[in-house]
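Engineer: The structure's right below; bear with me while I get my questions together.
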Amino acid sequence: MGHDVTLPERSRGVIALREESCTSCMVCARECPDWCIYIDSHKETEPATAEGARPRTRHVLDRFAIDYALCMYCGICIEVCPWDALFWSPEYDHPSTDVLGLTHERDTLGVWMRSVPSRPTQTG
Amino acid sequence: MTPDALLHLVNEITGATTADSFGTPTVDLAVDAWLTSAAALRDDPRTDMDYFDWLSAYDDGDAGLAVVARVWSVALRHGSVLRARVSRDGGALPSLTGVWAGAAWHERETHEMFGIEFEGHPDLAPLLLSEGFNGHPLRKEFGLASRAAKEWPGAKEPGESVAGRKRPLGLPSGDRWGTT
């Protein structure tokens with residue numbers, strides 16, 4: 001489906017994920033009024049890098065998906081994300097003929113980062 | 001007219017407590033003043049609120065059910081919000097259909113969604129719900145089947161892929177959904 005449409009760059013078409021910023025903190029999934037964000041993660045221990053230091057535990061994201069069949073595009077997940085990992089993208093062309101096809105996984109959510117405007121709008 | 005002047009005017013015409021709500025006067029009316037005050041705001045040339053915008057309600061817990069209506073003056077470009085509280089059990093309010101005919105659909109919807117009677121309404125048949133639907137979906141005690149059927153995605157802890165014990169906020173507690 002391709003349409004020759006010019007949209008303002010800050011149009012709210014879809015929600016994109018910058019995966020490297022996500023810490024799997026679960027805040028977006030818990031704040032989502034529609035319960036449409038699914039996150040799986042596991043812990044990994046990194047060995048100490050210096051003498052006397054402790055090994056560090058970090059969370060590794062296994063799954064990040066948004067079910068756009070349920071999402072009402074309220075943007076609360078973007079607002080509450082403490083790590084700036086979620087963004088509005090102007091891309092809107094993501095329909096499906098199958099309801100399960102509206103659940104988009106992190107790879108697709110990541111691709112939409114390409115159209116996210118680079119800086120926030122300056123306001124007075 | 002400034003918001004402040006309109007607030008005082010609405011208060012003067014209705015004689016009821018009027019508060020500013022984001023620049024719109026919100027007047028709390030007694031049930032027996034509901035019709036007369038609405039008609040007065042419509043007919044007084046200073047308010048001239050001839051346009052009925054909408055009517056709905058909200059569940060205010062122990063304080064009962066609040067019916068809210070917004071009216072507007074097309075000519076003067078100002079409006080007011082009317083509010084009246086009714087009992088949860090058998091709450092009733094006179095129908096506004098004699099003042100603004102357009103209130104009929106709004107009162108039908110509010111009747112089925114909250115179980116509020118509108119006395120004098122020509123036909124309170126269900127508007128959106130199917131025939132024989134049991135319950136009033138916009139009351140807080142009405143359990144959301146979709147919430148009971150679906151697992152909360154936020155129950156997992158960071159770094160876990162199985163649900164923990166965390167429960168969603170803002171939803172009824174207890175073992176049974178729909179109980180508070």
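The values are calculated or read from the model by the stated rules, or taken from the named source; none is laboratory data. This structure is a prediction, so every number in the text was calculated from the model and none was measured. Note: ideal-geometry Cβ built from the backbone for every residue, glycine included; neighbour counts use all protein chains shown. Side chains included, ligands, DNA and RNA excluded: accessible areas come from the protein's heavy atoms. Shrake-Rupley method; radii C 1.70, N 1.55, O 1.52, S 1.80 Å.
Engineer: Taking only the alpha-carbon positions of region B:85-170 and ignoring solvent, what does the Debye formula give for the base-10 log of I(q)/I(0) at q = 0.15, 0.23 Å⁻¹?
Structural biologist: Per q value, in the given order, log10 I(q)/I(0) is -0.67, -1.11.
Engineer: Quantify how strongly other chains surround peptide B:155-164 by giving the mean number of their Cβ atoms within 10 Å of each of its Cβ atoms.
Structural biologist: So the per-residue partner count for this stretch is 6.
Engineer: Using only atoms on other chains, find how many Cβ atoms lie within 10 Å of each Cβ of peptide A:20-31 and report the average.
Structural biologist: Whole-number average of other-chain Cβ neighbours for A:20-31 is 3.
Engineer: Here's another thing I want to ask about it. Find the accessible area per residue for region B:1-140; the probe is 1.4 Å, ligands and nucleic acids are left out, and the unit is Å².
Structural biologist: 50 Å²
Engineer: Please list log₁₀ I(q)/I(0) at q = 0.22, 0.23 Å⁻¹ for region B:1-115, using the Debye equation with identical point scatterers on the alpha-carbon positions.
Structural biologist: -1.26, -1.36
Engineer: Report, as an integer, the average count of C-beta atoms from other chains found within 10 Å of each Cβ along B:145-151.
Structural biologist: Taking all residues of B:145-151 together, the mean is 1.
Engineer: Ignoring everything except DSSP H segments at least 4 long, calculate the 222 nm mean residue ellipticity for chain B; use -39,500 (n - 2.57) per segment, divide by total residues, nearest 500.
Structural biologist: The helix-only estimate for chain B comes to -6500 deg cm²/dmol at 222 nm.
Engineer: Still on this model: I want the local charge near residue A:30. Using Cβ-Cβ distances under 14 Å, sum +1 for each Lys or Arg and -1 for each Asp or Glu among the other residues. List each step's numbers first, then the result.
Structural biologist: Numbers: positive: B:156, B:165, B:166, B:167; negative: A:31, A:34, A:79, B:151, B:157, B:160.
Net of charged neighbours comes to -2.
Engineer: Rounded to whole Å, give me the distance from the Cα center of region A:73-116 to that of region A:1-46.
Structural biologist: After rounding, the separation between the Cα centres reads 5 Å.
Engineer: Now for a separate question. Loop-only check: which chymotrypsin sites (Phe, Trp or Tyr not before Pro) in region B:107-176 are DSSP coil with at most 13 other Cβ within 10 angstrom?
Structural biologist: Those satisfying the criteria are B:133.
Engineer: Pick out, from B:23, B:130, A:52, the residue whose Cα sits farthest towards the positive end of the charge dipole of the protein assembly as shown, with +1 on the Cβ of Lys and Arg and -1 on the Cβ of Asp and Glu.
Structural biologist: A:52
Engineer: Round to the nearest 10 and report in Å² the accessible area of residue B:54, as given by a 1.4 Å probe over the protein chains' heavy atoms.
Structural biologist: 90 Å²
Engineer: Tell me which chymotrypsin sites (Phe, Trp or Tyr not before Pro) from region A:32-116 have a DSSP coil assignment and no more than 14 other beta carbons within 10 Å of their own. Spell out each step's value before the answer.
Structural biologist: Numbers: sites: A:35, A:38, A:64, A:68, A:73, A:83, A:87, A:88, A:92, A:112; in loops: A:35, A:68, A:73, A:83, A:92.
For chymotrypsin sites (Phe, Trp or Tyr not before Pro) across region A:32-116 that sit outside H, G, I, E and B with at most 14 neighbouring Cβ atoms in 10 Å, the list reads A:73, A:83, A:92.
Engineer: Return the lysines within reach of residue B:140: Cα separation strictly under 28 angstrom, same-chain partners fewer than 8 residues apart disregarded; answer none if there are no such residues.
Structural biologist: Here the lysines satisfying the reach criterion relative to residue B:140 are B:150, B:156, B:166.
Engineer: Something else: Kindly give the semi-axes, whole Å and largest first, of the ellipsoid equivalent to region A:41-124, taking each as the square root of 5 times a Cα gyration tensor eigenvalue. Mind showing how you got there, number by number?
Structural biologist: Numbers: eigenvalues 206, 79, 25 Å².
For region A:41-124, the semi-axes come out at 32, 20, 11 Å.
Engineer: Just the number, please: Stokes-Einstein D of region B:64-120 in µm²/s, Kirkwood Rh from C-alpha pairs, 4 °C, 1.567 mPa s.
Structural biologist: It diffuses with D of about 107 µm²/s by this estimate.
Engineer: Given bins 10 angstrom wide, list per bin the percent of all Cα-Cα distances in the protein assembly as shown, short to long.
Structural biologist: In order of increasing distance, the bins hold 5, 19, 20, 21, 21, 10, 3, 1, 0 percent.
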